[in-house]
Amino acid sequence: MAVMALKEQLDSFVKSMLAEGTLNQQFQQLQMLEDGSGFVAEVIKMFCDDAERILGELTNLLEQVVVDFGKVDGCVHQLKGSSSSIGAHNVTVACVQFRHFCDENDKEGCLRALNVLKHEFYRLQSKFQTMSQMENRILAYEGRKANGM
């Protein structure tokens, strides 16, 4: 009974992220691929690790006196693709807006866009961590139940 309540809580949490636009239907498609092996958790981890690396690169590129907007755009494009494939809607939108500033070679605009992008990513990452904690509680409960505890 308690595990069902935990699963409902997790489902409600994901639905709220969909409703607020943090995630989109692509994330639901990803969830449908879950087979109990932790596939979705691994994809989320890879996305978050990659996004943090890219955000670090963007920060370094934009700290340069002469900014290579081609490299900046390439990094943003890469993050846009991975965020789109995982269903991270708000991160994807932030990347689209960021690329407009790259097209204009607008360093100040890029710096502002980077701050928005970081905000959206870290907000999403926090929510993914909450999801992971909920999933771990479910797995732990199911494990205790399977062991007769």
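The values are calculated or read from the model by the stated rules, or taken from the named source; none is laboratory data. The structure presented is a predicted model; accordingly, all values stated were derived computationally and were not measured. A quick note on method: Cβ atoms are made from the backbone with ideal geometry, for glycine too, and the neighbour counts reach across all protein chains shown.
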Filter the range 10-30 for residues that are surrounded by 13 or more Cβ atoms within 10 Å (Cβ to Cβ) and without any contact (Cβ under 8 Å) to a residue 40 or more places away in the chain and give the result.
-> Leu18
Only one residue in Val66, Val91, Val40, Val72 is exposed (fewer than 13 other Cβ atoms within 10 Å of the Cβ), of a type in the set (Val, Ile, Thr) and either out of contact with any Pro (no Cβ under 7 Å at 6 or more places or on another chain) or at pLDDT below 95 (or both), so which one is that?
-> Val66
Check the range 44-63 and report whether any residue there is touching a residue at least 60 places away in the same chain (Cβ under 8 Å), among the small types (Gly, Ala, Ser) and under 17 Å from Thr130 (Cα atoms).
-> no
Those residues that are more than 23 Å from Phe121 (Cβ to Cβ) and of a type in the set (Val, Ile, Thr), I need them from the range 1-35; list them, please.
-> Val3
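Per-residue answers, yes or no, for (1) modelled with pLDDT under 95; (2) on the phi > 0 side of the Ramachandran plot; (3) of a type in the set (Phe, Trp, Tyr); (4) surrounded by 12 or more Cβ atoms within 10 Å (Cβ to Cβ):
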{"residue": "Phe47", "(1), (2), (3), (4)": "no, no, yes, yes"}
{"residue": "Asp50", "(1), (2), (3), (4)": "no, no, no, yes"}
{"residue": "Cys102", "(1), (2), (3), (4)": "no, no, no, yes"}
{"residue": "Leu111", "(1), (2), (3), (4)": "no, no, no, yes"}
{"residue": "Asn115", "(1), (2), (3), (4)": "no, no, no, no"}
